[in-house]
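Following: one structure in structure tokens, then a few remarks.
The values are calculated or read from the model by the stated rules, or taken from the named source; none is laboratory data. Note that the structure is predicted; figures quoted are calculated from it, not measured. Here the Cβ positions follow ideal geometry from the backbone for every residue, glycine too, while neighbour counts run over all protein chains shown.
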Amino acid sequence: MTAITIITRSFHPDANFGAGGLGFEGDDRDFSFDKNVTARIYHIMPIIRP
């Protein structure tokens, strides 16, 4: 059996986004490969092949 887990995390690297910020705040952080980093939106998709 082969098992693969795909993990995606979504964020906006700037402090604000949209034209002039539009009142929306970004995450103001850099990209990372750290498995323990937090994210507002994430997906975990296990793929198991018998």
Filter the range 28-50 for residues that are among the acidic types (D, E) and closer than 14 Å to P13 by Cβ; the one that is surrounded by the most Cβ atoms within 10 Å (Cβ to Cβ) is D28
Six or more apart or on different chains, Cβ under 6 Å: which pairs go from a residue in the range 1-25 that's over 17 Å from T38 (Cβ atoms) to one that's modelled with pLDDT of 85 or more? Could you list them?
T2/R49; A3/I48; I4/I47; T5/P46; I6/M45
Go through the chain and count every residue that is part of a strand (DSSP E or B), polar (S, T, N, Q) and at pLDDT below 80.
1
